[in-house]
1. For helix 177-196, what angle does its Cα long axis make with the longest principal axis of the chain, in degrees from 0 to 90 and rounded to 10?
2. Are any of the pairs LYS2/LYS51; LYS2/LYS133; LYS133/LYS208 more than 31 Å apart by Cα-Cα distance, and if so, which?
3. What would the Debye formula give as log10 I(q)/I(0) at q = 0.13, 0.15, 0.16 Å⁻¹ for the alpha-carbon point model of the chain, no solvent?
4. Tell me, how many Å apart are the Cα centres for segment 1-59 and for segment 233-251?
5. From the helices alone, meaning DSSP H stretches of at least four residues, give me the mean residue ellipticity at 222 nm for the chain, per-run term -39500 (n - 2.57), in deg cm²/dmol to the nearest 500.
6. Can you give me the angle between helix 86-97 and the longest principal axis of the chain, using Cα atoms only, in degrees from 0 to 90, rounded to the nearest 10?
7. Pick out which of GLN313, GLN182, GLN288 has the largest mean-square fluctuation in a Gaussian network model of the chain, springs linking Cα atoms closer than 10 Å.
8. What are the semi-axes of the equivalent ellipsoid for segment 160-280, taken as the square roots of 5 times the Cα gyration tensor eigenvalues, largest first, in whole Å?
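The values are calculated or read from the model by the stated rules, or taken from the named source; none is laboratory data. In this text the structure is predicted, and so the values were computed from the model without any measurement. Counting neighbours? That spans all protein chains shown, and the Cβs are built from the backbone with ideal geometry, glycine included. Ligands, DNA and RNA are excluded from the accessible area calculation, which covers all protein heavy atoms including side chains. Shrake-Rupley method; radii C 1.70, N 1.55, O 1.52, S 1.80 Å.
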Amino acid sequence: MKILITGCSGNVGRVALSHLQNQGHEIRAIDLTDPEVPGLDFRTADLMDAKSLDIHCEGMDAILHLAGIPGPALPATDLFTLNCAGTFNVYHAAANTGISRIVVASSIHAIGFFFGPKPFELSNLPVQEDHPKFTTDSYSFSKQITEEIGDYFWRRDGITSVNLRFGAGWHNPQLTREEEIQAYVAAKERAAYLAALPAAESAALIQKAQTTFDQLRADRAFEGKVSYAKALSDPDLKLMWMKHTFFSFVDLADACVAMELGLTHDYQGSHPLFVVHETNILNQDAAQLARLFYPSVANQNALSGAQSFLSGQRAAEIIGFTATTHPDQLLQP
């Protein structure tokens, strides 16, 4: 398959590019920065220059759209312009050149549960793709809009697409691998400790962490207004981070498989899909974690085992994706 990749020089873009090349696909890649991959058909392109995109799309079978700003810590207007207008321009160029398949990097944050300064409660567990959204930060809102752009071009031009809502990843570039493992182990041990406490005591500790997390959001910490690094060093607040990413996990190699399936699998329509491992990131009893961290969610749909709080059922049904890298592999150096 002839695939155009946008955002090929980003951390995810480089890995996806390598994966698709290794699978034998013919790749053309565009970005503002050359990834300097030998033999790659790379072209410098600006997604804001809509008229220039058609020529890059000519002759391609599908587009993997990865270009975008991956978090809210930038001026909201700049983020909205690139993430939303840039995505619209990519779809528009596809429609102009007869491309009928696009895969877009969306996010679990499209629901608005993590970054937003206005907290809200989930309506049910596990969370399905049609869960109501309440986006109050620019990044999450941009992902909500890009998913709606996919719907628009399916209605208008019959372009089939998936917006892949990737689960929480691993490999924080600000931490060493050893530091990451230590933080993960501390959070896992803290969750087990909280589960063993009397209910009132664990609830008080978790509520204290939740209050701190909510204050960070209200202070626009994730938008760069104040620093959150020191406040989030405590295992309780690491657990808040995990709670608001639904204790989800997907390995980057699995994410690349999902991208390829989105490009090649037989399906029609426009779909947001959770791309997650079926096991929660702590590999702990889901019902117990839900009682601790989501006590107000009345509809918990008979949680069982150590399942994820995001459902991967629709990704399995529509593109045939199942993650294979288990969260316990996070402990490997």
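1. 40
2. LYS2/LYS133
3. Taken in order of the listed q values, log10 I(q)/I(0) reads -0.98, -1.28, -1.43.
4. What the calculation gives is 32 Å, centre to centre.
5. Result for the chain: -12000 deg cm²/dmol, rounded to the nearest 500.
6. Value to nearest ten degrees: 40.
7. GLN182
8. Its equivalent ellipsoid spans semi-axes of 31, 17, 16 Å.
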